Every structure is written in C-alpha cells, then in structure tokens.
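The values are calculated or read from the model by the stated rules, or taken from the named source; none is laboratory data. What you see is a predicted model, and the numbers here were worked out from it, not measured in a lab. Neighbour counts are summed over all protein chains in view; Cβ atoms, including those assigned to glycine, are modelled from backbone coordinates with ideal geometry. The area values use the complete protein model at the heavy-atom level, side chains included, leaving out ligands, DNA and RNA. Shrake-Rupley method; radii C 1.70, N 1.55, O 1.52, S 1.80 Å.
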Amino acid sequence: MKQKICMLGGSGFVGGHLTRRLVDEGYTVRVITRRPERHRELTVLPTVEMVACDINDVQALQAQFADCDVVINLIAVLNEQRAGDFTKLHVELPRRVAQACTAAGVSRLLHMSSLNADAKGGSSEYLRSKGEGEDSVHRVDGLHVTSFRPAVIFGPNDDFFNRFATLLSLSPLALPLACPDARFAPVYVGDVVDAFMKALEDRSTYGQRYDLCGPKVYTLSQLVEFTARAIGSGCAVVGLNDKLSRLQARIMEFVPGKPFTRDNYLSMKRDCVSDNNGLLLLGIEPTPMEGVVSNMLRPREVRARFDFFRRAARR
C-alpha cells in the first residue's frame, strides 16, 4: 500500500503540482490549509483530503500527522507582510513541524528550503531564516529529513515570469529593473516535483540537502528581456545601478503586496546559482526554461491579464 502524506503548503504553486503528482502515483494526501473552501480544484482529486488546521498549534499538527507516514513542509513567504513573518514561518514553524512529527511517531520529513539558505552567512533575513529553519529540522534525532534548496522556480502560474510579464504589460515604454546583473539558474517546477518524488521513499536521501537548479545561468536582465520577447512587448528593460536599485526597493516595499523590498535586494546580492545541482545527483535532467516559458506566456494570455488590471483600475 502507498504511504499517506500530510502536506503543509499543498495548495500553493509547488504544492499544487506536487499534490497532483502524488495522487497520480497512488498516494493519499492530506493537505493542511487555512481555507479549504478556496481550493476546490484539489478537493476533486480522488485521494486528497483538505483539512483546516492551526499551524501554530503543535498538538493540532500532531493530530493531523498521527495516521500519516510522511510529512512535507512547503510553507514559505518571499516577503514579510508583517514584521516577524520570516521568523514565524521559516524558523518557528519547521521546529513545530519536527516536534509534532516526533510526537506523532512520523519519522520522515521532506522540507522545502531555498538556494543560498544560510543561518549565519545569508545575505538577507529571508535567507538567514530559511537556513535556521532548515538546520533545526536536520538536528532532530530520529527524524529522517531531506531538504530541497531550489533556485527561482518557473512553470505555469509561477510568481516570477508571470509577475514580470504583468509589469511589462503595464509599462508603456520602459521597465526600470533593479539588480539587473544578479544571476539565476531557474528550475522547472516539474523537476522540483520529480526531486520530491525521487526522495520520498529512498533511504539514501535521508539527511541530504539538495540544491535544485536549471541547466543554464542567466542575469535578471536577460530573463526579463526574454519575458518581453515571449509576450510580444516592445517595452525597454532599463537596468538600474546599485544606488538606484536600493532606492527602488525602499520605495516598492510601501506598495501594496510589497513587490520588491530591501530584503529582496539583499537576497540578490548573492547569485542564485550552484555548482552542485541536486537534480543530477537524483538522476533528473534539468529542463531548459525557454520552451516552457514561451508556451506559458503567450501574448493572448498576457493581454487578457493586462485587460483585467486595466478594468480593476477603473473601478
């Protein structure tokens, strides 16, 4: 019989893809979410159970883990909407998850971290908090942890290329781009899901931490310019120097949703690349981003997204 999985963050971008793959492979999946009614596209899957649970309550987590074989934690935020979010979700939550696993008798945990996560040497609070949470779960005796440290993840409905596509659609002439020379090795969401699936029941992955990267390195400017071509935009991408990049971050973190913050700026001071690609170690051939991104950013879809924002602005 296939194992039963309890997943935190299963309704998000990576979680949605992973949940569907697990169901396809015959696993039973319990997805913990704040509002199950908002994710009906997952409730129709035959072996998925959506459960509302307070992730701040160790005993509530323990109760949900009790009849499961594996726990997967994907919860993270890129920006703090409230002070302390990084500590709450990246440090304290993994510790509670590990504690609940131990109390519930679950010995297997798959944990989503981030490339360049480093509790002491991270260039930003985001990276330091991710590193601290990752380290904490690996220190728990009797808990077999595998961590995944992906670069920027791309794929249908991602928050990276789709966000820049929207910004380019809304910018009539030029898009000022902070940190244009920051380097990235974008990784395909399908490859990230493959990594989780490969490690799920493989004892050789116990205790391992896998960097997950795509096959090629690009500057941020190259990625945004590629996005512009993919959507048929004539918008010019204008790279900002370091001083103006910091100024943009200071201003943009006061915009609703905080699309770019000073902590994001600090994260990009370190290249999001790795010389030790865990996909290759797991026997997974990294997927190039060009074909996937071109197909998912068809001009017709971007124009529809632009029309939506234009209508919303008139209300």
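What's the total number of residues in region 232-257 that are of a type in the set (A, V, I, L, M, F, W, C), open to solvent by 20 Å² or more (accessible area, probe 1.4 Å) and touching a strand residue (DSSP E or B) at 6+ places or on another chain (Cβ under 7 Å)?
4
Within region 37-82, how many residues are outside any loop (DSSP other than H, G, I, E, B), without any contact (Cβ under 8 Å) to a residue 60 or more places away in the chain and farther than 30 Å from Glu253 by Cα?
Residues in region 37-82 being outside any loop (DSSP other than H, G, I, E, B), without any contact (Cβ under 8 Å) to a residue 60 or more places away in the chain and farther than 30 Å from Glu253 by Cα: 18 in total.
Those residues that are over 22 Å from the mean Cα position of the chain (by Cα) and under 24 Å from Glu25 (Cα atoms), I need them from region 50-67; list them, please.
Passing the criteria: Gln64, Phe65, Ala66, Asp67.
Go through the residues of region 286-296 one by one and say whether even a single one is surrounded by 13 or more Cβ atoms within 10 Å (Cβ to Cβ) and over 20 Å from Gly155 (Cα atoms).
No - not one qualifying residue is present in region 286-296.
Residues of region 172-211 being part of a helix (DSSP H, G or I), within 21 Å of the chain's Cα centre (by Cα) and over 30 Å from Gly234 (Cβ atoms), which ones?
Matches in region 172-211: Gly190, Asp191, Val192, Val193, Asp194, Ala195, Phe196, Met197, Lys198, Ala199, Leu200, Thr205.
Can you tell which of Gly155, Gly122, Gly84 is open to solvent by less than 40 Å² (accessible area, probe 1.4 Å) and under 22 Å from Lys269 (Cβ atoms)?
Gly122
Within region 258-291, count every residue that is outside any loop (DSSP other than H, G, I, E, B) and out of contact with any Phe, Trp or Tyr (no Cβ under 6 Å at 6 or more places or on another chain).
Total satisfying the criteria: 10.
List every residue pair whose Cβ atoms lie under 6 Å apart, where the two residues are 6 or more positions apart in sequence or sit on different chains, the first residue falls within region 203-231 and is open to solvent by less than 20 Å² (accessible area, probe 1.4 Å), and the second residue, located anywhere, is in a loop (DSSP other than H, G, I, E, B) and of a type in the set (S, T, N, Q).
Hits for this filter: Cys213/Ser274.
Could you identify the single residue in Ala182, Ala195, Ala178 that is touching a residue at least 40 places away in the same chain (Cβ under 8 Å), open to solvent by less than 20 Å² (accessible area, probe 1.4 Å) and under 30 Å from Met7 (Cα atoms)?
Exactly one of Ala182, Ala195, Ala178 is touching a residue at least 40 places away in the same chain (Cβ under 8 Å), open to solvent by less than 20 Å² (accessible area, probe 1.4 Å) and under 30 Å from Met7 (Cα atoms), namely Ala195.
Give me the pairs: first residue in region 273-294 and within 18 Å of Val193 (Cβ to Cβ), second residue assigned to a helix (DSSP H, G or I) and among the aromatic types (Phe, Trp, Tyr), beta-carbon distance under 9 Å, and six or more apart or on different chains, which are they?
Correct list of pairs: Met289/Phe161; Met289/Phe226; Val293/Phe161; Val293/Phe226.
With surrounded by 18 or more Cβ atoms within 10 Å (Cβ to Cβ) and hydroxyl-bearing (Ser, Thr, Tyr) as the only criterion, which of Thr28, Thr47, Thr43 stands out?
Answer to the selection: Thr28.
With the requirement that a residue be more than 14 Å from Cys6 (Cα to Cα), in contact with an Asp or Glu (Cβ under 9 Å, 6 or more places away or on another chain) and hydrophobic (A, V, I, L, M, F, W, C), what does region 90-106 give you?
The answer is Val91, and nothing else.
Is it true that some residue in region 52-65 is surrounded by 14 or more Cβ atoms within 10 Å (Cβ to Cβ), farther than 18 Å from Ala195 by Cβ and among the aromatic types (Phe, Trp, Tyr)?
Yes - at least one qualifying residue is present in region 52-65.
Based on what the data block shows, is Gly131 free of Cβ contacts under 8 Å to residues at least 12 places away in the same chain and either assigned to a loop (DSSP other than H, G, I, E, B) or surrounded by fewer than 23 Cβ atoms within 10 Å (Cβ to Cβ) (or both)?
no
Just to be sure I understand the filter: pairs with C-beta atoms under 9 Å, separated by 6 or more residues or on different chains, first member in region 83-105 and on the phi > 0 side of the Ramachandran plot, second member at pLDDT 95 or above. Which pairs pass?
These pairs meet every condition: Gly105/Phe65; Gly105/Ala66.
So which residues in region 134-144 are surrounded by fewer than 24 Cβ atoms within 10 Å (Cβ to Cβ) and either at negative phi or under 15 Å from the mean Cα position of the chain (by Cα) (or both), if there are any at all?
Within region 134-144, Asp135, Ser136, Val137, His138, Arg139, Val140, Asp141, Leu143, His144 qualify.
Given the options Phe164, Phe148, name the one that is aromatic (Phe, Trp, Tyr), buried (at least 16 other Cβ atoms within 10 Å of the Cβ) and not in a helix (DSSP H, G or I).
Going through Phe164, Phe148 in turn, just one is aromatic (Phe, Trp, Tyr), buried (at least 16 other Cβ atoms within 10 Å of the Cβ) and not in a helix (DSSP H, G or I): Phe148.
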